[in-house]
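Bear in mind that the values in this text are calculations on the coordinates, not laboratory data. Model, not experiment: these values are computed from the prediction. All Cβ positions, glycine included, derive from the backbone under ideal geometry; neighbour counts span all protein chains shown.
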Amino acid sequence: MKKICFVALAAALVGMTACTPKAPEQFTGKIVDGTMNSVTVESATDGQTVIFSTENANMDEAFGLLLGNTATVTYQGKLSEVTPALKVATNPTYATAIGRWVEPNPIDPEQEQGIDIQIDGVAASINMQTLRYEAWELAPEADQIILRG
């Protein structure tokens, strides 16, 4: 009788373990496309591209889902053609860096000079012939970017 109870208990434990949902996982990469209800992320490590549905995801830390920004998507289950996201988070520095950053030209205060920070890592000088910017990226330090030119 004890053997039968032990076998039944072991079978029940195996059955419960098999039905336990997997823990959420994360996919991190660069945002390469986005729509109203989805975001496409490309892994920097292996180039894998995944489309995530954002319809029911927590987007509190998404900060605009701008092309070129790094996104970390939390999901559950297997990656599929369109994987439902549980949460999408991006680096807020990327969104706040985008825009025209200008100051008065010290030689001609009627003019402005500066830099135009654009999505997908593009940068351009504004009225500065001797200081040409072409690209930018997030720095490893928080709230900093690296300019290239």
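3J(HN,Hα) along region 41-47, derived from phi through the Karplus expression 6.51 cos²θ - 1.76 cosθ + 1.60 where θ = phi - 60°, amounts to 10, 10, 5, 6, 7, 10, x Hz, with x in place of Gly and Pro.
Which is the longest run of the chain containing none of the trypsin sites (Lys or Arg not before Pro) found in DSSP loop states (not H, G, I, E, B) with at most 13 other C-beta atoms within 10 Å?
Segment 23-77 is the longest.
Return a single number: how many Lys pairs in the chain, at a sequence separation of 8 or more or on separate chains, have alpha-carbon atoms below 19 angstrom apart.
Working: K22/K78; K22/K87; K30/K87; K78/K87.
Close lysine pairs under the 19 Å cut-off: 4.
Amide H to amide H, with H built 1.01 Å from N, V122 comes under 5 Å of W136, counting only residues 5 or more places away or on other chains. For region 99-146, the set of GluC sites (Glu not before Pro) satisfying both a DSSP loop assignment and a count of at most 12 other C-beta atoms within 10 Å is given as E110, E134, E141. Between the labelled values (1) 29, 16, 14; (2) 42, 18, 12; (3) 50, 13, 12, the entry that holds semi-axes √(5λ) of the Cα gyration tensor in Å as derived from this structure is (3). Here each label is just a point 7 Å from Cα along the line to Cβ, and for I126 and D108 those points are 1.6 nm apart. Counting Lys +1, Arg +1, Asp -1, Glu -1, what net charge surrounds I31 among other residues with beta carbon under 13 Å of its beta carbon? Around I31, the charge tally is -2.
For W101 and T45, calculate 0.36 nm times their separation in residues minus their Cα-Cα distance, and state this gained length in nm to one decimal. Walk me through the numbers on the way to the answer.
Values: separation 56, 0.36 × 56 = 20.16 nm, distance 3.24 nm.
Here the answer is 16.9 nm.
Once the C-beta distance of D60 and T35 is scaled by a Förster radius of 25 Å, the resulting FRET efficiency is 0.80 to the nearest 0.05. Under 5 Å between amide hydrogens, built in the peptide plane, is the criterion, and for Q113 it picks out E103, N105 among residues at least 5 positions away or on other chains. Measuring nothing but how far apart in sequence close Cα pairs (under 8 Å, 6+ apart) lie, relative to its length, region 14-149 scores a relative contact order of 16 percent.
By the helix-only formula, in which each DSSP H run with n ≥ 4 contributes -39500 (n - 2.57) and the sum is divided by residues, the chain has a 222 nm mean residue ellipticity of -5000 deg cm²/dmol.
Count the net charge of all other residues whose Cβ sits under 9 Å from the Cβ of T74, scoring Lys and Arg as +1 and Asp and Glu as -1.
Values: positive: K87; negative: E25.
With Lys, Arg at +1 and Asp, Glu at -1, the net is 0.
Phi-derived couplings, Karplus 6.51 cos²θ - 1.76 cosθ + 1.60 at θ = phi - 60°, listed residue by residue for region 76-83: 10, x, 8, 6, 9, 4, 9, 9 Hz, with x used for Gly and Pro.
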